[in-house]
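S.K.: My questions will all concern the structure given below.
The values are calculated or read from the model by the stated rules, or taken from the named source; none is laboratory data. A quick note: this is a predicted structure, and the numbers were derived from the prediction, not measured. Here the Cβ positions follow ideal geometry from the backbone for every residue, glycine too, while neighbour counts run over all protein chains shown. Please note that ligands, DNA and RNA were not included when accessible areas were found on the heavy atoms of the full protein model with its side chains. Shrake-Rupley method; radii C 1.70, N 1.55, O 1.52, S 1.80 Å.
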Amino acid sequence: TLMSLHKRNNHATQLLHQLFPLFQLSFDQVPRCVRGAIFLLVRAFVMQLLSIIILLTLTVVIHSLWMFGVLKFIKLEVDSAVRIVLRNVGIVISMIFAHLLEAGLFAAFYFVIDAFKDWNTSFYFSLVSYAPVGYGDVTLPQHWRLIGGVEGLIGALMVGWSVAVLVAVLQRLRGMTA
């Protein structure tokens with residue numbers, strides 16, 4: 001019930017106050033330098049989250065456009081094995097370009113925020129993170145590191161999506177020849 005939940009929550013709060021007297025302080029009692037540090041940490045985290053949402057949205061848009069292009073313009077009615085192979089090569093090449101464009105989007109972000117001193121390092125880091133290989137020889141500044149990890153997750157999702165599109169195309173081809 002609501003009353004028992006309130007009692008348990010109140011008990012947990014009392015236990016925290018006994019274990020950590022700092023929790024009894026109001027925010028005004030926290031030293032100004034500590035409040036400033038907390039504000040900077042929260043601000044950096046919020047900036048990373050907003051950046052991730054924007055980058056993820058743009059990545060999904062790019063990948064959706066690639067997928068629609070493949071599904072619309074690739075002809076399934078092929079009459080020879082050579083044409084089937086060439087079609088599959090075209091799909092894979094377009095897939096690689098889509099992934100390079102998506103990694104380039106992250107690289108452009110890193111370059112714009114001055115995370116790295118040059119474009120080559122930005123693009124290298126982005127590809128290594130997007131793949132996700134993650135060598136660790138180049139790292140983001142500490143206040144942007146969350147984005148590098150999330151780029152690896154996004155890259156893995158986009159590669160999985162690409163494989164799903166390729167499998168769908170191959171299944172359609174198999175259904176036509178069966």
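S.K.: Tally up the carbon and sulfur contribution to the accessible surface of region 26-131 as a whole percent, 1.4 Å probe, everything protein left in place.
M.R.: Roughly 75 percent of what the probe reaches on region 26-131 is carbon or sulfur.
S.K.: Per residue, what volume in Å³ does the Cα convex hull of region 34-178 take up? Kindly include the intermediate steps, with their values, before the conclusion.
M.R.: Values: hull volume 16.7 nm³, N = 145.
So the per-residue hull volume is 115 Å³.
S.K.: Tell me the chymotrypsin sites (Phe, Trp or Tyr not before Pro) within region 77-178 that lie in a loop according to DSSP and have at most 13 other beta-carbon atoms within 10 Å.
M.R.: Passing sites in region 77-178 are 135.
S.K.: What distance in nm separates the two pseudo spin-label positions at residue 45 and residue 88, each 7 Å out from Cα along the beta-carbon direction?
M.R.: Placing both labels 7 Å beyond Cα along the Cβ direction yields 4.8 nm.
S.K.: Length gain on complete extension for the stretch residue 81 to residue 114, per 0.36 nm per residue less the alpha carbon to alpha carbon distance? Present the calculation step by step, with values, prior to reporting the outcome.
M.R.: On the way: separation 33, 0.36 × 33 = 11.88 nm, distance 4.91 nm.
Contour length minus Cα-Cα distance gives 7.0 nm.
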